[in-house]
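The values are calculated or read from the model by the stated rules, or taken from the named source; none is laboratory data. Note that this is a predicted model, so its numbers are computed, not measured. Here the Cβ positions follow ideal geometry from the backbone for every residue, glycine too, while neighbour counts run over all protein chains shown.
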Amino acid sequence: MNPKFPEPRFIPLNFQTLSIEEQTRRAEEFYATLDKRRTVRDFSDESVPFELIEQAIRAAGTAPSGANMQPWRFVIVKDAEIKRKIRVAAEEEEYKSYHGRMSDKWLRRLATLGTDEHKPFLEIAPYLIVVFRITSTAENGETEPTYYSQESVGIAVGMLLAALHNAGLATLTHTPSPMKFLQEILGRPKTEVPFVLIPVGLPATRALVPDISRKPLEDIMIVL
Ligand SMILES: Cc1cc2nc3c(=O)[nH]c(=O)nc-3n(C[C@H](O)[C@H](O)[C@H](O)COP(=O)(O)O)c2cc1C
């Protein structure tokens with residue numbers, strides 16, 4: 001070990017060994033749960049317990065990260081005025097995207113989803129979780145980049161979506177590009193870059209979702 005660097009410290013791993021039956025049962029159950037997740041764009045304004053959001057953020061915070069830098073920040077917006085500002089700014093960017101910035105190929109893909117520049121859910125959903133990617137840290141006057149922050153935050157967001165879904169909440173993974181306005185409205189520093197905006201709540205009664213399908217296992221898995 002380099003004497004300039006701290007010594008590693010180790011503790012016993014807390015690992016639960018399961019029977020194959022139990023492993024199989026859990027694997028099937030988890031897949032069945034995740035398979036029911038759908039992106040929801042039609043929300044109810046019904047409130048949901050804040051504790052559920054908090055618990056899901058805790059779950060997301062258990063994600064692995066490059067060099068354990070945990071380069072994420074989750075900003076929860078429940079204030080109506082802030083939500084309104086976000087909607088106005090998002091719709092402005094999305095209008096430009098749908099009317100010139102996106103290619104015909106991209107728009108053709110989105111056509112099957114029925115999305116457009118109108119984002120009423122940004123005011124209707126009880127919570128907006130805005131995830132930021134921390135690009136660098138400053139400690140003792142020394143700045144340092146975070147390592148593999150894209151990958152790390154992507155994994156954490158996946159876990160967050162799974163946790164929220166598992167808690168019976170509906171989510172939308174939203175990327176109103178460019179998202180710089182979120183940094184400004186939410187007063188985050190330049191070292192925190194908006195990653196994704198996730199409205200969370202309950203679906204509207206009789207909410208509809210696009211009739212799309214998932215690739216079968218043979219198309220997504222290669223075994224060598
Ligand atoms: C990185 C990413 C960005 C997305 N951005 C948007 C978005 O800006 N607006 C939107 O309506 N859906 C967005 N989606 C949702 C996708 O359209 C949706 O996940 C996909 O159509 C599959 O549907 P499902 O989530 O119901 O399985 C995004 C999803 C991902 C993973």
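Yes/no per residue for (1) within 15 Å of the ligand (Cβ to nearest atom); (2) among the aliphatic types (A, V, I, L, M); (3) at positive phi:
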{"site": "Ile86", "(1), (2), (3)": "yes, yes, no"}
{"site": "Gly141", "(1), (2), (3)": "no, no, yes"}
{"site": "Leu169", "(1), (2), (3)": "yes, yes, no"}
{"site": "Ile185", "(1), (2), (3)": "no, yes, no"}
{"site": "Val193", "(1), (2), (3)": "yes, yes, no"}
{"site": "Pro199", "(1), (2), (3)": "yes, no, no"}
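Scan Val200, Val223, Val193 and give me the residue that is among the hydrophobic types (A, V, I, L, M, F, W, C) and within 16 Å of Val77 (Cβ to Cβ).
Details: Val223 fails: within 16 Å of Val77 (Cβ to Cβ); Val193 fails: within 16 Å of Val77 (Cβ to Cβ).
When all the criteria are applied, what remains is Val200.
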Fill in the blank from the handout: Counting only residues in the stretch 35-56 that are part of a helix (DSSP H, G or I) and exposed (fewer than 13 other Cβ atoms within 10 Å of the Cβ), the one nearest to the ligand (Cβ to nearest atom) is identified as Asp35
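May I ask you to say which residue of Glu117, Glu91 is in a loop (DSSP other than H, G, I, E, B) and closer than 17 Å to Met179 by Cβ? Explain how you work it out, then say what you get.
On the way: Glu91 fails: in a loop (DSSP other than H, G, I, E, B).
Only one candidate qualifies: Glu117.
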Handout entry: Out of Gly168, Gly158, Gly154, Gly187, sole residue that is assigned to a loop (DSSP other than H, G, I, E, B) and under 23 Å from Asp35 (Cα atoms)
Key = Gly168
Practice task
Name the residue, out of Ile124, Ile222, Ile212, that is away from the ligand (no atom under 16 Å from the Cβ), at pLDDT 95 or above and of a type outside the set (Asp, Glu).
Solution key: Ile222
Exercise for the section: Out of Ala59, Ala27, Ala67, Ala90, report the one residue that is within 16 Å of the ligand (Cβ to nearest atom) and at pLDDT 95 or above. Expected result: Ala90
